[in-house]
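Have a look at the structure below, then the notes.
The values are calculated or read from the model by the stated rules, or taken from the named source; none is laboratory data. All figures in this text were calculated on a predicted structure; none of them were measured in a lab. All Cβ positions, even for glycine, are placed from backbone atoms using ideal geometry, and neighbour counts span all protein chains on display. Side chains are part of the model used for accessible areas, which takes the heavy atoms of the whole protein and leaves out ligands, DNA and RNA. Shrake-Rupley method; radii C 1.70, N 1.55, O 1.52, S 1.80 Å.
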Amino acid sequence: MTGVWGTRLGRAAVAFGLMMALAAPAVAQAPKDAPQKGQDTLTPPPVVDPKKVETTPVTPGAPAASTFAPDELTLSPVPVLTLSGSSSWEDAYDKLVEAVRKADAELKRLGLTRAGQVFVMYTTSDDRGFDYEVQVPFSGTTTQKPAEPMKLGGSFAGKVLRFVHTGSFGDMDNTYEQIANYLDEKNVEQNDLYIERYRTDLLTASPEALEIEILVPLP
């Protein structure tokens, strides 16, 4: 993927880019008639009996305003197969798809079944790229260990704000910018960690027609 992904500082650390920009001094007020601008890891034993991941249906093409009326929820950990990696912003989408494909193949080798929506956690980032964890929920039991560097563990647990992005993977910069504006406007403190939960399957969906929950962990 190219375009906006090459210039962003990274969704995992909006505070290093977008949030710092928001902290800069405000510009002088425009004339009255001028147009205004809008404002290590929980590791369960390999033998597990996972809970289903809770989701809320979203209607494709919903008005953009609904994206920024987040709801607060508490996530419970579910067993996941995790694969960590790094990517440039230009290759972000292809890298994530490749990671999910590898994780799927490893689940099959272990005799496990994917059982829920894929999580992508952004751990560090800079202007060149980012580090990530792709986490694939599963059901079933195994006494085998996954091939390195994959590992069995638990997904994030705790309170989050849930936003929704519907549309192109390449347009997510705009969504993250509006989320940063919302957090700043509401004085919401958070720990610079962002998690995406894919309602559409990265292995089968078009990158132009995705439904993604963006989860912002709260302190």
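On the basis of being surrounded by 21 or more Cβ atoms within 10 Å (Cβ to Cβ) and under 16 Å from Gly129 (Cα atoms), does Leu81 make the cut? No.
Give the residue, chosen from Ala180, Ala209, Ala103, that is touching a Gly at 6+ places or on another chain (Cβ under 9 Å) and modelled with pLDDT of 95 or more.
When all the criteria are applied, what remains is Ala209.
Rundown of residues vs (1) part of a helix (DSSP H, G or I); (2) surrounded by fewer than 16 Cβ atoms within 10 Å (Cβ to Cβ); (3) at positive phi, yes/no style:
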position	(1), (2), (3)
Asp131	no, no, no
Pro149	no, yes, no
Phe156	no, no, no
Val160	no, no, no
Val164	no, no, no
Glu177	yes, no, no
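One residue stands out among those in the stretch 116-129 that are assigned to a strand (DSSP E or B) and in contact with a helix residue (DSSP H, G or I) (Cβ under 7 Å, 6 or more places away or on another chain): the one that is modelled with the highest pLDDT, which is Val120.
If you go through the stretch 133-145 and keep only what is outside any strand (DSSP E or B) and open to solvent by 20 Å² or more (accessible area, probe 1.4 Å), you end up with Gly140, Thr141, Thr143, Gln144, Lys145.
For the stretch 175-216, a residue qualifies if it is out of contact with any strand residue (DSSP E or B) (no Cβ under 9 Å at 6 or more places or on another chain) and polar (S, T, N, Q), and the qualifying residues are Asn181, Asn187, Thr204, Ser206.
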